[in-house]
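Here is the structure we will look at.
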Amino acid sequence: ALRLMLEAWHEVIMPLVAVIGSPLVARYLPDDRFGLLLAGTTGMMKTEMLRHCMSIFGSGYLRESSIVRFGEGATVNALMKLAADSGCLPFFVDNYKPVKKDDPAKLVSLIHTILEGTEKRRLNRDAEYRETNEFSTTLLLTGEDLPAEASTLARVLPVSVEHQPVLEKVSELQSISEHLPAVGRLWCQYLSSVQLDLASWRNKRQELVMKAKESGAINPGRVGTTAATLWFIWQIALQSPLGAVLRDFNERFEA
């Protein structure tokens, strides 16, 4: 099932790394969490891609009723509550479209609040602090039009979906998708059995921050950190039981 997923969608590697990395980042790198923006035109099956990635943590993620869509009855406050309740698992917001003029500002606010780790503290009418949400999740979004706001794009990884999925592989995967939670079980068992050393992540971060600076990135520190975190997750995954499949796709990840 894992191999079929990687063969079905050309751009699935980064979303998959973000999904499996969510509990790892929540535990080891809580101050360096990131998001992922999956952008592309209709027909690329972006939602289906992320549903199958998410379902490694439970087949319930495959249900249509489990999909949270931006602007369809879900306020920003509701989205933030759902994100907080996701704990260390990833949180997926589907189908962002800037229909209303304040939608881009709402999306930017959502991204910044979740990735900063906690809401700003506010007082109620009795001058007492309101209860605030805390976030450990990795934020995943899909959409056709995404805000071109520099500080936001530094916090999330934009992934452009430009290849049509291989429909035969998608159909084959859908027919055995109930097996995907076994992937998450193997991964979580592995994470709970090892103590990770962050030295390689720090070295890679220093290297990639310099590369981001040389390439003219507006926020090289955050861009390089996110890239180093994705690299670190992939290296850990290669050492895990999932590596038996993932190693065949190492060149695509490096690219």
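The values are calculated or read from the model by the stated rules, or taken from the named source; none is laboratory data. For clarity, every value in this text was computed on a predicted model and none was experimentally measured. Note: ideal-geometry Cβ built from the backbone for every residue, glycine included; neighbour counts use all protein chains shown. Areas reflect the complete protein model, heavy atoms only, side chains present, ligands, DNA and RNA absent. Shrake-Rupley method; radii C 1.70, N 1.55, O 1.52, S 1.80 Å.
Rg to Rh for the stretch 40-96: what is it, with Cα atoms only and Rh by Kirkwood?
Computed over Cα atoms, the ratio is 0.96.
With an 8 Å Cα cut-off and a minimum separation of 6 or more residues, compute the relative contact order for the chain in percent.
Relative contact order here is 30 percent.
Compute the length gained on full extension between Q235 and K97: take 0.36 nm times their separation in residues and subtract their Cα-Cα distance, giving the result in nm to one decimal.
Length difference between fully extended and current span is 46.2 nm.
Express in % the proportion of alpha carbon pairs of the stretch 1-117 at distances exceeding 20 Å.
For the stretch 1-117, the share of Cα pairs beyond 20 Å comes to 44 percent.
Can you tell me the order of 63-69, 166-172 when each peptide is scored by its average per-residue count of other Cβ atoms within 10 angstrom, highest first?
166-172, 63-69
Of the accessible area of the stretch 131-245, with the probe set at 1.4 angstrom, what percent is carbon plus sulfur?
51 percent
Expressed as cubic angstrom per residue, what is the convex hull volume of the alpha carbon set of the stretch 138-255?
Dividing the Cα hull volume of the stretch 138-255 by its residue count gives 146 Å³.
How much of the accessible area of the stretch 49-99, in percent, comes from carbon and sulfur atoms when a 1.4 Å probe is used?
52 percent
Using a 1.4 angstrom probe, figure out how much accessible area the chain has per residue, in square angstrom, rounded to the nearest whole.
Averaged over the residues of the chain, the accessible area is 50 Å².
Only one of the values [x] -0.31; [y] -0.23; [z] -0.49 was calculated from this structure for log10 I(q)/I(0) by the Debye sum over Cα atoms at q = 0.07 Å⁻¹; name its label.
[y]
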